[in-house]
Amino acid sequence: MRGPFSPFYFFFFAGLLLWIIFSINFEIIALTFEKLGLDASSALSLVVTSFLGSAINLPLANIKAETSAAVRPPTYRGLLRLPEIPFTGRTKIVVNVGGGLVPVAFSIYLLAHNDIALPQLGLATACVAAVAYGFSRPIPGFGIGMPILTAPLAAALVALLLGGEHRAPVAYIAGTIGVLIGADLLRIPDIRRLGTPIASIGGAGTFDGIFMTGLVAVLLT
């Protein structure tokens with residue numbers, strides 16, 4: 001769960017996206033998507049869809065927050081600047097299309113196109129969710145933070161142990177849904193104490209932990 005996505009990070013990640021687009025033809029990236037049953041064009045479409053969806057946030061809820069912990073949202077001066085969002089004692093929870101909905105939709109696609117045993121998948125997802133919750137921490141002025149490789153390593157490990165021949169899609173699904181549950185949904189009570197006007201699930205878009213965890217986990221399996 002993240003705060004508003006800054007213009008600086010948008011252009012920084014746009015550069016990284018271009019790197020991914022060109023790198024998608026290289027063996028290591030192609031292998032990652034190949035494990036998930038995607039060819040290069042389908043993989044590229046997935047990444048581009050996620051990137052374009054990064055600009056869209058859909059409102060989910062509006063919760064009461066603790067004003068004593070209120071922090072001012074960051075502003076960015078110069079040619080690009082985000083308008084300052086006033087804190088009114090409530091936090092708007094939104095979901096980012098590129099960083100939240102796209103990986104969830106792709107997880108559903110993988111589940112529908114692979115004969116994955118649901119008990120093993122449920123256990124794998126629960127394990128990743130527990131790790132994500134245990135290692136994530138509320139950060140004032142930012143949202144919920146977590147060491148970047150923690151969830152991918154956990155997802156890869158449980159996929160190797162429980163995924164069998166479907167370890168790649170299990171790694172992706174358990175990684176993305178596990179992070180969504182453990183580091184976002186279960187941390188909503190902590191968001192109340194941050195006093196931030198807006199918190200976004202998958203707010204870093206294509207490069208949010210939800211989206212990237214699944215891909216890195218697949219690469220590690």
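The values are calculated or read from the model by the stated rules, or taken from the named source; none is laboratory data. Worth saying up front: this structure is predicted, and the values here are computed from it rather than measured. Note that we place each Cβ from the backbone using ideal geometry, even for glycine, and neighbour counts take in every protein chain shown.
I'd like to know if the stretch 171-181 contains one or more residues that are surrounded by fewer than 24 Cβ atoms within 10 Å (Cβ to Cβ) and assigned to a helix (DSSP H, G or I). There is at least one residue in the stretch 171-181 that is surrounded by fewer than 24 Cβ atoms within 10 Å (Cβ to Cβ) and assigned to a helix (DSSP H, G or I). Scoring PRO189 on the criteria (1) part of a helix (DSSP H, G or I); (2) closer than 24 Å to LEU44 by Cα leaves a single failure, condition (2).
Within the stretch 42-56, being in contact (Cβ under 8 Å) with a residue 40 or more places away in the chain, in a helix (DSSP H, G or I), surrounded by 15 or more Cβ atoms within 10 Å (Cβ to Cβ) and not aromatic (Phe, Trp, Tyr) holds for LEU46, VAL47, THR49, SER50, GLY53.
Considered as a group, the residues in the stretch 192-214 that are surrounded by fewer than 24 Cβ atoms within 10 Å (Cβ to Cβ) and part of a helix (DSSP H, G or I) include one that is modelled with the highest pLDDT, and that residue is ARG192.
Scanning the stretch 137-161 for residues that are surrounded by fewer than 21 Cβ atoms within 10 Å (Cβ to Cβ), of a type in the set (A, V, I, L, M, F, W, C) and either at pLDDT 85 or above or part of a helix (DSSP H, G or I) (or both) yields a total of 4.
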